[in-house]
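Participant: Below you'll find the structure I mean.
Read-outs: derived from the displayed coordinates by stated rules, not from any lab. Keep in mind it's a predicted model, so treat the numbers as computed, not measured. Note that we place each Cβ from the backbone using ideal geometry, even for glycine, and neighbour counts take in every protein chain shown.
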Amino acid sequence: MATQPIDKFCADIDPNIKDALTKASIGSTVAREQCLEAAFPEDGKTLRLRELANAIKSGDLAANLEAAVESLERNGIKVLFAKDADEARKTILEIVKGRDAKNVVKVKSMTTEEIELNAFLEKNGVEAVETDLGELIIQIDHERPSHIVKPAIHRKRDDIAASFEKHGIAAYDEEPTHITLNARKYLRKKYFAADVVISGANYVLAKEGAVVLATNEGNARFSMAGAKTHIAIAGFEKVIPSARELSVFLNLLGRSATGQHTTVYTDFVAGAGKAKNSPEEMFVIFLDNGRSQILSSKFRDILKCMRCGACMNKCPVFRLVGGHAYRAVYPGPLGIVLSPLLAGGNFEKYADLPKACSLCGGCAEVCPAKIPLPELIVQMRDEVKRRHCKVPNDIGFKTWAVLATSPKLWRLGVPFNRLANFLPVDKFRVGPLGRWLKSRTLPKFNGGAFRKWFKKNG
């Protein structure tokens, strides 16, 4: 029995990390439910809000994008387009180098993670410092985020304190308040030294020509206070018609992500030089990177994603293995669909991910944009088959398919599955089966009992 890459990761994962993941994910899910119930106690109101969010995202994206470009330029913002990650990286570097900038501060952005911007800038002699606390924690240890909202969800405070000491940020102190204060002291110097600030965009308002940034630490505002140039990069799907529609998403985003009524800071950036201590120039880069193809495919609904992370908080697989097991920028149910699509020619690299799902439907229940994730995951499984991708465990699944689609074979085999109860399973601790059993327990089989009961009582 061949195991999937995600299975191997699960077998080797540190129990402390697994514990941290489970507690944080469950906590976020419970907080979400409580927050939504408190805000919208009326039966069905939350569902109607989610349906409205879905409808807004189903609008004319091309028209919204055209209107956004016009409004942004009217506000003095330079608008650029990047067809892929390579072009986006080179465009950003050109802007940075053109201002002779050596120091860059970054506002948390999954889009910059998607294009692997930090490593690229560092390779080209530019220091790029993450200003979100979670992002900073994983950056100094050269890790990747394991969650799109809580990038350091897999880290514990003693581990973080040790990391801060190792990298000379502060003496060992695992008190959360002190960790935060130490990070502030470290980042304050970076804010003052920064020549350029790079951010993503939670939303881009087409009518108003503004970039909306939602943070809990105020780091977006701090980052823009000292820098002379602001570069915002966003997938073109982040464009929505106006601030009127934004109210729908802001009512859902914080509640779905962290169980807050709203994020602590919501910044509307509608051009440079309009506020005291703000950048003198601003660029908005709209990134394609495979999104056009997704938009014209059966997977287009995945572009409605708000990047709230609710789906992975709810996902039983994510809780067990964490985001790193998905080996891509976007983990969880979102990543199962999105990662293979964004991989381009490397689709097969992530072809095993669609099977890392129990199809429990929890992700669809909590998605604020009402994305039918289980349906998309099933379609992605079909896509993997259509492309003839080599996926570990194919033999096992094909054998199961033969049995499950043949009533005669099924009826013949069911009584004999009781024999599995007498197998010396504890001795199978080597090879793929051993790895599989390390994190799983075989059930007790009672083959044929239901058929006997049904024949007698049915």
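Participant: Could you tell me which GluC sites (Glu not before Pro) in the range 29-133 are loop residues by DSSP with no more than 10 other beta carbons within 10 angstrom of their beta carbon?
Facilitator: Values: sites: 33, 37, 42, 51, 66, 70, 73, 87, 94, 113, 114, 116, 122, 127, 130; in loops: 42, 116.
Here the sparse-neighbourhood loop sites are 42.
Participant: Quick one: work out the % antiparallel among DSSP beta bridges in the chain, nearest 5.
Facilitator: Values: 8 of 33 bridges.
Roughly 25 percent of the DSSP beta bridges within the chain come out antiparallel.
Participant: Here is a further query. When a/c reaches 1.5 or more, the comparison of a/b and b/c decides; with that in mind, is the range 37-167 rounded, prolate or oblate per its Cα gyration tensor? Don't jump to the answer; show the numbers that get you there.
Facilitator: Working: a/c = 2.75, a/b = 1.16, b/c = 2.38.
It comes out oblate by the Cα gyration axes.
Participant: List the residues, sorted by chain then number, that are 5 or more residues from residue 81 or on another chain and whose placed amide H is less than 5 Å from its amide H.
Facilitator: It is 286, by chain and number.
Participant: 5 Å is the cut-off here: which amide hydrogens, built 1.01 Å from N in the peptide plane, fall below it relative to residue 129, excluding neighbours closer than 5 in sequence?
Facilitator: Sorted by chain and number, the residues that satisfy this are 104, 105, 106.
Participant: For the range 206-338, give the share of DSSP beta bridges that are antiparallel, in percent and rounded to the nearest 5; count only bridges with both residues there. Walk me through the numbers on the way to the answer.
Facilitator: On the way: 5 of 12 bridges.
If I count the DSSP bridges inside the range 206-338, around 40 percent turn out antiparallel.
Participant: Under the Karplus relation 6.51 cos²θ - 1.76 cosθ + 1.60, θ = phi - 60°, what is the ordered set of whole-Hz ³J(HN,Hα) values for the range 281-289, x standing for Gly and Pro?
Facilitator: 9, 9, 10, 10, 10, 8, 9, 8, 6
Participant: Identify the GluC sites (Glu not before Pro) of the range 280-352 meeting these criteria: DSSP loop state and at most 14 other C-beta atoms within 10 Å of the C-beta. Please report the intermediate quantities before stating the final value.
Facilitator: On the way: sites: 280, 281, 348; in loops: 280.
Counting only loop positions with at most 14 other Cβ atoms within 10 Å, the GluC sites (Glu not before Pro) in the range 280-352 are 280.
Participant: If you don't mind, there's one more thing I want to ask. If I fit a long axis through the Cα atoms of helix 332-342 and take the longest principal axis of the Cα atoms of the chain, what angle between them do I get, 0 to 90°, rounded to 10?
Facilitator: The helix 332-342 is inclined about 70 degrees to the chain.
Participant: Okay, moving on. Among (1) 21.3, 67; (2) 24.1, 77; (3) 24.3, 84, find the value of Rg and Dmax of the Cα atoms in Å that was calculated from the structure presented, and write down its label.
Facilitator: It is the value labelled (3).
Participant: Same structure again: For the chain, take the longest principal axis of its alpha carbons; what is the angle in degrees between that and the long axis of helix 394-404, to the nearest 10 within 0 to 90?
Facilitator: Taking Cα atoms only, the helix is inclined about 50 degrees.
Participant: May I pose another question? Taking H as built 1.01 Å from N, whose amide H comes closer than 5 Å to the amide H of residue 263, not counting residues under 5 places away?
Facilitator: Under 5 Å from the amide H of residue 263 lie the amide H atoms of 254, each far enough along the sequence or on another chain.
Participant: Roughly how tilted is helix 176-193, in degrees to the nearest 10 and between 0 and 90, from the longest Cα axis of the chain?
Facilitator: The two axes meet at around 40 degrees.
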